[in-house]
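Working notes, structure below.
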Amino acid sequence: MERKTLLVCCLVAFLGLLAAATSFAAEATRIKGSQVHFVTPNQCTYPRSPALSLGLTAALALMLSQIVINVATGCVCCRKSSQIPDSNWKVALVCFVLSWFTFVIAFLLLLTGAALNDQRGEESVYFGYYYCYVVKPGVFAGGAILSIASVAFGIVYYISLTKGKNGGQYPYPNQGVIAMAQPQIPPSSESGQEPVFVHEDTYMRRQFT
């Protein structure tokens, strides 16, 4: 694996783990229904909770991971070429779609959970009854799981395209490197023997013999 590919995968994995960790932390610190107090029959108060900042941090980390993986990979429609095998291209395309699908759902869950967890004294009316809304259990946890899935699909998508392109540059073992050889001229005389000089008269007599 190339150094650039390794750095991109490590950065995206770190952002994905950060998004998942902060999402689970937001799930643990979210405001529960038992923590909401009714001051008056039509007014309630919410305690302070770090779930808002944790949820926003998770959404930001997830968005950054998606930006990094897509910038490093480039436009998926522009990356199709004869150098990339069809098997790698199909895997990359499926992972690309799944990565964006899980990203959108996780991002909306995290933003919605963070926004609804920060209500202060607001209430809703359902069928004539006042109701102080709290985030339901599992919203932030679902965002965390989908964040991990989105990052995992993105990494597979990136590696599939990168590996396919690098592997398709030299489809034959000896095509990528051209060996250059120096012409070798055999010695004019055998090793270990000195050239023999023949007298001109002797050479002429041999010609007429």
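Sort Leu62, Leu108 so that the residue with the fewest other Cβ atoms within 10 Å of its own Cβ comes first and the one with the most comes last.
With the sparsest Cβ surroundings first, the list reads Leu108, Leu62.
Based only on other Cβ atoms within 10 Å, what is the fewest-to-most ordering of Ile148, Ile105, Ile69?
Arranged by neighbour count, lowest to highest, Ile148, Ile105, Ile69 become Ile105, Ile148, Ile69.
So, in nm, how far is label Ser53 from label Ser34 when the simple model puts each one 7 Å beyond its Cα toward the Cβ?
Placing both labels 7 Å along Cα→Cβ, they lie 2.6 nm apart.
Which of the trypsin sites (Lys or Arg not before Pro) found in the range 1-55 are loop residues per DSSP with 15 or fewer other Cβ atoms within 10 Å of their Cβ?
Of the trypsin sites (Lys or Arg not before Pro), the ones in loops of the range 1-55 whose Cβ has at most 15 other Cβ atoms within 10 Å are Lys32, Arg48.
Sorting Ser160, Ser147 on the 10 Å Cβ count, fewest up front, what's the list?
Lowest count first: Ser160, Ser147.
Which distance in nm do the two modelled labels at Val71 and Lys136 give, with both placed 7 Å along the Cα-to-Cβ direction?
Once both label points are built, they end up 3.6 nm from each other.
Here, each number is a calculation from the coordinates, and none is a lab measurement. Predicted model, so just to flag it, every value in this text is computed and none were measured. So basically every Cβ, Gly included, is an ideal-geometry build from the backbone, and we count neighbours across all protein chains shown.
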